[in-house]
Structures are given as structure tokens and as C-alpha cells.
Amino acid sequence: MASEGFTTCLWFDGQAEEAAHYYVSVFKNSSIGRIGRYTEAGPGPAGSVIAVDFVANGHKFIALNGGPQYTFNEAISFQIYCDGQEEVDYYWNKLTEGGGEPGPCGWLKDRYGVSWQIIPDGLIDMIGDPDPEKAARTTRAMLSMGKLDIAALEKAYAGE
């Protein structure tokens, strides 16, 4: 069997198809692929969705209707690196709408409980700067935020 890289499997309790369509609507370079349905052999009702292959932002996923046994938590998250405040705002707003939950330091949970980190380009360099004062100021500013504000982060970095 040839390797095609990684596919991330997301476990849902009956919302796999809905979630796949939602993620495809949020991200560019996205599409729905194969939709697998149960047959009379079960274990789900014949014709109901078992899994949906989809691509979101060029990354391969499968949404699986696995049942209520497992739920998402912050131990796994997806990082979205953003080019500018407009993109930060877009992803923050799209992923928190409809029941998502804003979190601290650029983290959020979407309506399905999947955790995301919305990260502006340059943040990692600022908080990892070899100048400990610049790094500390930027880190303190980031820790005080929910959605990250690039202008405020840059001011903290500059010492303003």
C-alpha cells in the first residue's frame, strides 16, 4: 500500500457530514470527497453516513460518525498561521460562530469542540526573540488576550 502522507480522523457523534461541509466552507483549497454509508449489515441504520473524506486548506481529513464514546479536548489542536489581522479575525469569527467558544492566547473551540490556535505570522519569532525583555513583553501581552491583536503584540514587542 503506497503512502500518501497523513490523514487526520475526527470522531463525531452523528455530525460527520455536517462538520465536513462546515470545515470546507471555512477554509480555502477545500473539498468534500467520498461519503461512506452504512449498508443493511450495520451497525448503523442503512443509508446513514459512517464517514466523509474531505480536504480543508489542503489537509486531508476523514470525519467519522463513531458515536458518543469519545469527545474532543485541548490535548490536540490545529494551528492556523495567519497573514495579518484580517485573516486572524476571519478564522476567529468563523470558527467561534454557531456555538464555538473563544479561549485564551489565540485558542478557541469550534462548534464541534475541536480546538484551534489562531496564530499571526511573526508571533513565534517575537515570543522567541533572543532579547528576553522583548520576548517577555510580547508573551505577557499574548497571555492577556483571547483573540490575538497583532498591533498590540507589536507594540508590546517594541516596548511601547
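The values are calculated or read from the model by the stated rules, or taken from the named source; none is laboratory data. The model shown is predicted, which means the values in this text are computed figures rather than measured ones. Positions of Cβ are generated from backbone atoms using ideal geometry, with glycine treated the same way; all protein chains shown enter the neighbour counts. Protein only, heavy atoms only, side chains kept; ligands, DNA and RNA dropped before computing areas. Shrake-Rupley method; radii C 1.70, N 1.55, O 1.52, S 1.80 Å.
If I filter the stretch 22-46 down to residues being under 16 Å from Ile62 (Cβ atoms) and among the charged types (D, E, K, R), which single residue comes out as least open to solvent (accessible area, probe 1.4 Å)? Among residues in the stretch 22-46 that are under 16 Å from Ile62 (Cβ atoms) and among the charged types (D, E, K, R), the one least open to solvent (accessible area, probe 1.4 Å) is Arg37.
Any residue at all in the stretch 133-149 that's over 29 Å from His21 (Cβ atoms), among the hydrophobic types (A, V, I, L, M, F, W, C), in a loop (DSSP other than H, G, I, E, B) and open to solvent by less than 60 Å² (accessible area, probe 1.4 Å)?
Yes, that holds for at least one residue.
Within the stretch 118-135, the residues that satisfy the criterion of being over 15 Å from Asp149 (Cβ atoms) and either in contact (Cβ under 8 Å) with a residue 12 or more places away in the chain or of a type in the set (D, E, K, R) (or both) are Asp125, Asp129, Asp131, Glu133, Lys134. Tell me, please, whether a residue that is within 23 Å of the chain's Cα centre (by Cα) and of a type in the set (Gly, Ala, Ser) can be found in the stretch 137-145. For the stretch 137-145, residues within 23 Å of the chain's Cα centre (by Cα) and of a type in the set (Gly, Ala, Ser): present.
Checked against the criterion of being in a loop (DSSP other than H, G, I, E, B) and buried (at least 16 other Cβ atoms within 10 Å of the Cβ), the candidates Phe54, Phe72 yield just one match: Phe72.
Applying the criterion of being of a type in the set (A, V, I, L, M, F, W, C) and closer than 18 Å to Met142 by Cα to the residues of the stretch 79-112, the residue that is most open to solvent (accessible area, probe 1.4 Å) is Trp107.
Condition first: β-branched (Val, Ile, Thr) and under 19 Å from Tyr23 (Cα atoms). Can you find one or more residues in the stretch 89-96 that meet it? Taking every residue of the stretch 89-96 in turn, at least one turns out to be β-branched (Val, Ile, Thr) and under 19 Å from Tyr23 (Cα atoms).
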